[in-house]
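The values are calculated or read from the model by the stated rules, or taken from the named source; none is laboratory data. Owing to the predicted nature of the structure, the values given are computational and were not obtained by experimental measurement. Positions of Cβ are generated from backbone atoms using ideal geometry, with glycine treated the same way; all protein chains shown enter the neighbour counts. Accessible surface areas use protein heavy atoms only, side chains included; no ligands, DNA or RNA. Shrake-Rupley method; radii C 1.70, N 1.55, O 1.52, S 1.80 Å.
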Amino acid sequence: MDRNKQHRQVALMRQSLFDQGLLDEQFVQLEELQDDANPNFVEEVVTLFYRDSARLILNIDQALDKSPLDFAKLDGYMHQFKGSASSIGAKKVKSECTLFREYCKAGNGEGCKRTFQQLKKEYALLRKKLETYFQLARQVGPVETACRRI
Amino acid sequence: MEKMGFGNVTSTSKTMKIIDTEKKISVLIVEDNLLIQKIHKVMMTKFGTEVQLATNGKEAVDLFLSGASFDLVLTDLEMPIMDGIEATKQLRSMGVTSMIVGVTSRNQDSEIQAFMNAGLNACYVKPLNAEKVTVVLNELKNI
């Protein structure tokens, strides 16, 4: 019974990520790619995303410190970042990327800076929630291999 | 614009269908973003294809110049050294008749049209998903 309760907890946690608008359909696509050949695929991809995007975040932070702002460069960085965020289904992060690029096109530096702060918050929040989710999911294990009482 | 080239995506099934062929379909994924490369590779492998990777357009062109051939090329647009438009133009001018499908995060009609004009068979907005892959592989099977 405890195991069933844990599985349900994992499922509810997962659903909340979608209900809160943090993840979209692309995350489901990644889950569908996970199988015996790639048992930790989703977690690996998310880990790779956070590792790769750390460099982009740093680049954008540094570019936002410069004066005058190079909007073309900023847009280029954000284009890459958005591509990666989209590929893991990071819905809110992706929205902030889109907004940032609109500010770049408008040459609005303050808008860019403000949006980037919000983006970093969403990025960190998603990371924390996914880490918790993956940790719990690993502890509980897949539903198919749940232990049966003998 | 979500796609251009083949007919409308009619499949709504999320099941990954392995296309039954005697020989595995060979796919070259041309993509500089390692994360997207990984996702697309696993996706295409799951569909039963044999996948090779190139990280920019020049690597893709060099592969064909060295005599490699692929049934399908999935290429990003924006890449360092040589982008997808230039790579597609060069492949076509070399006489490459493989199916070349663009996969780009650009979604403006003009940008996608420019990519198509380079010689693509179709173009999709990223990210790839099972539905899009099914359409592409079925189209390839029907050629």
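Tabulated values for the structure
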| item | result |
| --- | --- |
| Neighbour cut-off at most 16 other Cβ (10 Å), DSSP loop, trypsin sites (Lys or Arg not before Pro), the stretch B:76-142 | none |
| Span-like helix ranges in chain B, DSSP H, alpha carbon extent 15 angstrom or more, Kyte mean at least -1.0 | B:34-46, B:130-142 |
| Tail beyond 21 Å, pair distance distribution of the stretch A:40-134 (Cα, percent) | 28 |
| Inter-site label distance for A:E25 and A:T98 at 7 Å from Cα along Cβ, in nm | 1.4 |
| Long-range amide H partners of B:M79 with built H, under 5 Å | B:G84 |
| Size of electric dipole in the stretch B:65-143: Cβ of Lys, Arg +1 and of Asp, Glu -1, about Cα centre, debye, nearest 20 | 160 |
| Proximal lysines relative to A:K66, as straight alpha-carbon distance under 23 Å, when same-chain residues fewer than 8 apart are discounted | A:K82, A:K105, A:K113, A:K120, A:K121 |
| Chain B: translational diffusion in µm²/s, Stokes-Einstein, Kirkwood Rh over Cα pairs, 4 °C, 1.567 mPa s | 87 |
| Chain B, helix-only ellipticity at 222 nm - DSSP H runs n ≥ 4, -39,500 (n - 2.57), divided by all residues, nearest 500 | -11500 deg cm²/dmol |
| Å² of accessible area per residue within chain B, as computed with a 1.4 Å probe and no ligands counted | 45 |
| Label-to-label distance, nm, for residues given as A:E110 and B:E50 (7 Å Cα→Cβ offset) | 6.0 |
| With Cα atoms, 0 to 90° folded angle of helix A:109-140 axis to chain A main axis | 10 |
| Surface/4 of the Cα convex hull for the protein assembly as shown, nm² | 17.7 |
| Rough spin-label spacing in nm, given labels placed 7 Å along Cα→Cβ, for B:K24 and A:R3 | 3.5 |
| Cα gyration tensor of the stretch A:25-64 - equivalent ellipsoid semi-axes, whole Å, descending | 29, 11, 4 |
| With Cα atoms, 0 to 90° folded angle of helix A:91-106 axis to chain A main axis | 10 |
| Principal-axis tilt of helix A:41-65 within chain A, Cα atoms, nearest 10 degrees | 20 |
| Exceeding the 18 Å Cα-Cα cut-off - candidates B:K3/B:K126; A:K91/A:K128; A:K92/B:K38; A:K129/B:K41 | A:K92/B:K38; A:K129/B:K41 |
